Amino acid sequence: MKTIENPENDDPAVVRANDVCRSYQVGDMMVPVLKNVNLVVKKGEFVAIMGPSGSGKSTLMNLIGCLDRPTCGSVSLMGTDVSTISDDELARLRGLEIGFVFQSFNLVPRLTALENVELPTYANSRPGVDTRKRAKELLELVGLEDRINYRPTELSGGQSQRVAVARSLINDPSLILADEPTGNLDSKTGKEIMDLFTELNKKGRTVIMITHDPNLAKVYADRVINLKDGYIEDRIDVTN
Ligand SMILES: Nc1ncnc2c1ncn2[C@@H]1O[C@H](COP(=O)(O)OP(=O)(O)OP(=O)(O)O)[C@@H](O)[C@H]1O
Ligand SMILES: [Mg+2]
């Protein structure tokens, strides 16, 4: 098996979704949400995923981020079919290599902003990193240095979103999956977050971002993928 640390792992694709389907059981019926989605994202790409509400964007993101399993088809990350590795290996891959910004933030209510940002490092961290210092720096980067000891209920929606962005970067992931990362932000703060992702992308990180904002997709992404009713409708390459 090829693993992420394996030098033989020469797949230039960070993400491969091969004929991925996801259906949900609702009552007696299986309702298809994603229908044979094929997607390849190469290392260093900045990809935007767009599509109407309910078209399956978050479902696809959850599959790419290995938070969910496809009903059919397979997902490979960095050349490894994730269904072939153990739960421990998968947890490590997710914890170190993927930074996830959830649409609904998923902050832990009883933890402070600082502890929320640090949280992923309790399970997995990179050796030699002062995680508390890094968490503080990231909160500073998203403009929340004066809120580090606030709990999520004491933060606004936009502030919670910025904590979620800071948390996604704590382990310096190679792949950033962001579900509407600027949906609750004013345009200035939104631009700052997008500039941060752009900077990380220039340093070689791969970014996949869901957005409803066509301008954001156009300005920041190399490629826009449109989902409609669980299909990839078309691909618009905005760089060529
Ligand atoms: N656990 C579930 N059980 C049943 N149906 C579900 C479940 N999760 C999602 N769905 C359905 O899957 C479809 C796609 O949901 P998804 O959250 O992926 O949409 P989305 O494109 O991210 O929408 P939005 O832009 O509103 O965030 C929706 O119709 C939703 O009702
Ligand atoms: Mg969604």
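Touching a residue at least 12 places away in the same chain (Cβ under 8 Å) and open to solvent by 30 Å² or more (accessible area, probe 1.4 Å): is that true of residue 122 in this structure?
When the stated conditions are applied, residue 122 does not pass them.
Which condition does residue 217 not pass, out of (1) open to solvent by 30 Å² or more (accessible area, probe 1.4 Å); (2) within 16 Å of ligand 2 (Cβ to nearest atom); (3) part of a helix (DSSP H, G or I), if it passes all the others?
Exception for residue 217: condition (1).
Are there any pairs with C-beta distances below 8 angstrom linking a residue in region 219-234 that is more than 12 Å from ligand 1 (Cβ to nearest atom) to a residue that is aromatic (Phe, Trp, Tyr), with the two at least 6 apart or on different chains, and if so which?
Filtered contacts from region 219-234: 220/46; 220/197; 221/46; 222/46; 223/46.
Can you name every residue in region 142-179 that is assigned to a loop (DSSP other than H, G, I, E, B) and open to solvent by less than 30 Å² (accessible area, probe 1.4 Å)?
Selection gives 142, 144, 155, 169, 170, 171, 173.
Scan region 192-208 and give yes if some residue there is within 16 Å of ligand 1 (Cβ to nearest atom) and either in contact with a helix residue (DSSP H, G or I) (Cβ under 6 Å, 6 or more places away or on another chain) or in contact (Cβ under 8 Å) with a residue 40 or more places away in the chain (or both), otherwise no.
yes
List the pairs whose first member sits in region 49-67 and is farther than 15 Å from residue 178 by Cβ, whose second member is more than 8 Å from ligand 2 (Cβ to nearest atom) and of a type in the set (S, T, N, Q), and whose Cβ atoms are under 8 Å apart, counting only residues at least 6 apart or on separate chains?
51/226
Which one of 139, 175, 119, 111 is within 24 Å of residue 48 (Cα to Cα) and in contact with a Leu (Cβ under 8 Å, 6 or more places away or on another chain)?
Checking each option against the conditions leaves just 175.
Does region 139-153 contain any residue that is farther than 14 Å from residue 99 by Cβ and among the polar types (S, T, N, Q)?
yes
The values are calculated or read from the model by the stated rules, or taken from the named source; none is laboratory data. What you are looking at is a predicted structure, and each value in this text was computed from that prediction instead of being measured. Cβ coordinates were reconstructed from backbone atoms using ideal geometry, including for glycine residues, and neighbour counts include every protein chain displayed. Surface accessibility is based on the protein's heavy atoms, side chains included, excluding ligands, DNA and RNA. Shrake-Rupley method; radii C 1.70, N 1.55, O 1.52, S 1.80 Å.
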